[in-house]
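A.B. asks: The structure under discussion is supplied below as structure tokens; questions concerning it will follow.
The values are calculated or read from the model by the stated rules, or taken from the named source; none is laboratory data. Please read all numbers here as calculations on a predicted model, not as lab measurements. Neighbour counts are summed over all protein chains in view; Cβ atoms, including those assigned to glycine, are modelled from backbone coordinates with ideal geometry. Quick note on the areas: whole protein, heavy atoms, side chains included, nothing else; ligands and nucleic acids left out. Shrake-Rupley method; radii C 1.70, N 1.55, O 1.52, S 1.80 Å.
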Amino acid sequence: MSTLTDPPTGSFRLSMLLNDTRYRSMTLQVIAAIVLATLLFYLYSNLAANLRAAGLNISFDFLGSSAGYDINQTLIEYDSQSSNLRAAVVGILNTLLVAVLACVTATVFGVIAGVLRLSNNWLVRKLMAAYVEIFRNIPVLIWIIIIFTIMTAVLPGARAYLGDDPERDMLGGVIALTNRGIYVPSPFFTSGFGGGEGSGLNWLIVLAVLAGSFFATRFITRSADAKQEATGVRPKTGLLNLAVWFVPLVVLALVLGLSWDLPDPLANRFNLRGGLQIGAPLIALWFALSIYTGAFIAENVRAGIQAVSKGQTEAASALGIRPRRVMSLVVLPQALRVIIPPLISQYLNITKNSSLAIAVGYADITATLGGITLNQTGRAIECVLLLMLFYLVISLVISAVMNVYNSSMKLKER
């Protein structure tokens, strides 16, 4: 019978870098890093030499020149005389907008469909199974085109709402559904700290208040959890959390002078004026990414729920807890440990699949920087490098945030 002893101590020798297990893994990692750095340096040198031979050079000066093209939907001020850099920023914001919206709605669709796939109702269970199998087995590009085509073919044109005697009334008197998109009331400020209607400072204040409300509700919930663990009695926090969310917003609306810009059906012969237009390309892309990715998330949710022992459900039911409360308080919190890791991949897929926006004319970063700007300037290498950098950074950020959340959901050993 052999015994394990500590390795003998002595003077360091170079052979220990490979023979001693204390240093071998570090040595191999250093060698691999050197080989990778050498390969990257060789590739870059080869690229630079070939560009010099062709009379080209890598330069990002084109970002400061005028873009020369319009963008149909922007979150910041932009016109054709703006720089290529500002056009790229508009594309980045449009990409982030559709990615965030699609991640939220896909999660909602996926959780609902995943839970209903395990329903005791045969019809509901089969309908959800049909949804999953149909939507996840057809490419998302086809769904984008189908939804966009349906919107442009079924919804009326803007002319239906125009003139002294329009063909139809706006929904609720303030919302117009057209084949160009949906027109909804747009909020703006008549006063405030930054100059009123056109000031971005007022919106920053609103975002800061929302962030403060979020952290305040988290603190209230954690305090309630701590009190429940200490005393066995959980204080009611529902009304307090609602007050933390809505009271500051109401006060802020009164201070800043919140008002609404409504769509005007009597503007001109060709289009509506006023309000906020949510373009048909954005809606088609948003909805297609949501229902497509939601089908995959539904399977992740179903697998996570089935991974929870049935004894948990039976024990909760034996305590008299209602089935819905069992699902929300017992099953889903434990299923999240199985659901979150594949959910990260689905969020990354949404962000990358948003590059298909060019198929319906939505100006995301691929359509602006990787499309029009690339074709006009001829700077293919620079544009592609910037595109790669953007998608790499946003993917790493999503992974980091979700991994932090995943770590918080892990079982904590006492």
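A.B. asks: Does N271 satisfy the criteria of being part of a loop (DSSP other than H, G, I, E, B) and of a type outside the set (D, E, K, R)?
C.D. replies: Yes, satisfied.
A.B. asks: Quick one: T152 ticks every box in (1) open to solvent by less than 40 Å² (accessible area, probe 1.4 Å); (2) part of a helix (DSSP H, G or I); (3) modelled with pLDDT of 85 or more bar one, so which box is it?
C.D. replies: Against the list (1) open to solvent by less than 40 Å² (accessible area, probe 1.4 Å); (2) part of a helix (DSSP H, G or I); (3) modelled with pLDDT of 85 or more, T152 comes up short only on (1).
A.B. asks: Test A49 against the criterion of being exposed (fewer than 14 other Cβ atoms within 10 Å of the Cβ) and of a type in the set (G, A, S), and give yes or no.
C.D. replies: Judged against the criteria, A49 is a match.
A.B. asks: What's the number of the condition N403 fails, among (1) without any contact (Cβ under 8 Å) to a residue 12 or more places away in the chain; (2) part of a helix (DSSP H, G or I)?
C.D. replies: (1)
A.B. asks: So for the range 166-173 (the condition being of a type outside the set (S, T, N, Q) and under 24 Å from the mean Cα position of the chain (by Cα)), does at least one residue qualify? Before the answer, list the steps.
C.D. replies: Looking only at the range 166-173, we keep the residues that are of a type outside the set (S, T, N, Q), and these are 166-173.
Narrowing the set further to residues that are under 24 Å from the mean Cα position of the chain (by Cα) leaves none.
No, that holds for no residue.
A.B. asks: Working only within the range 69-128, note down all residues that are over 30 Å from R324 (Cα atoms), open to solvent by 30 Å² or more (accessible area, probe 1.4 Å) and not in a loop (DSSP other than H, G, I, E, B).
C.D. replies: Across the range 69-128, the qualifying residues are S83, L85, R86, V89, I92, L93, L96, L97.
A.B. asks: Identify the residue in the range 231-256 that is of a type in the set (S, T, N, Q) and in a helix (DSSP H, G or I) and, among all such residues, is modelled with the lowest pLDDT. Break it down into steps so the answer makes sense when it comes.
C.D. replies: Going through the range 231-256, the residues of a type in the set (S, T, N, Q) turn out to be 231, 237, 241.
Checking the rest, the ones that are also in a helix (DSSP H, G or I) come to 231, 241.
Values: T231: 84, N241: 88.
Filtering first and then ranking leaves T231.
A.B. asks: Assess whether S355 counts as being closer than 25 Å to L75 by Cα, part of a strand (DSSP E or B) and open to solvent by 20 Å² or more (accessible area, probe 1.4 Å). Spell out the reasoning first.
C.D. replies: Numbers: closer than 25 Å to L75 by Cα: yes; part of a strand (DSSP E or B): no; open to solvent by 20 Å² or more (accessible area, probe 1.4 Å): yes.
No: the conditions fail for S355.
A.B. asks: Same structure again: Say we look at the range 358-380 and pick out the residues that are part of a helix (DSSP H, G or I) and open to solvent by 60 Å² or more (accessible area, probe 1.4 Å); which of these is modelled with the lowest pLDDT?
C.D. replies: Looking at residues that are part of a helix (DSSP H, G or I) and open to solvent by 60 Å² or more (accessible area, probe 1.4 Å), I get I358.
A.B. asks: Any idea which residue in the range 219-260 is nearest to T190 (Cα to Cα), counting only those that are in contact (Cβ under 8 Å) with a residue 60 or more places away in the chain and open to solvent by 60 Å² or more (accessible area, probe 1.4 Å)?
C.D. replies: Just the residues of the range 219-260 that are in contact (Cβ under 8 Å) with a residue 60 or more places away in the chain, to begin with: 255-260.
If we keep only those that are open to solvent by 60 Å² or more (accessible area, probe 1.4 Å) as well, we get 255, 258, 260.
Working: V255: 10, L258: 6, W260: 10 Å.
Once the filter is applied, the top-ranked residue is L258.
A.B. asks: Moving to a separate point now. Only one of S65, S25 is over 29 Å from the mean Cα position of the chain (by Cα) and surrounded by 10 or more Cβ atoms within 10 Å (Cβ to Cβ). Can you tell me which?
C.D. replies: Result of the check over S65, S25: S65.
A.B. asks: Determine whether the range 287-306 contains at least one residue that is open to solvent by 60 Å² or more (accessible area, probe 1.4 Å) and aliphatic (A, V, I, L, M).
C.D. replies: no
A.B. asks: Would the range 157-165 turn up any residue that is in contact with a Pro (Cβ under 7 Å, 6 or more places away or on another chain), farther than 30 Å from L332 by Cβ and open to solvent by 50 Å² or more (accessible area, probe 1.4 Å)?
C.D. replies: There is no residue in the range 157-165 that is in contact with a Pro (Cβ under 7 Å, 6 or more places away or on another chain), farther than 30 Å from L332 by Cβ and open to solvent by 50 Å² or more (accessible area, probe 1.4 Å).
A.B. asks: Same structure again: Please go through the range 166-186 and pick out each residue that is surrounded by 14 or more Cβ atoms within 10 Å (Cβ to Cβ) and not β-branched (V, I, T).
C.D. replies: P166, M170, A176, L177, N179, R180, G181, Y183, P185, S186, listed by residue number.
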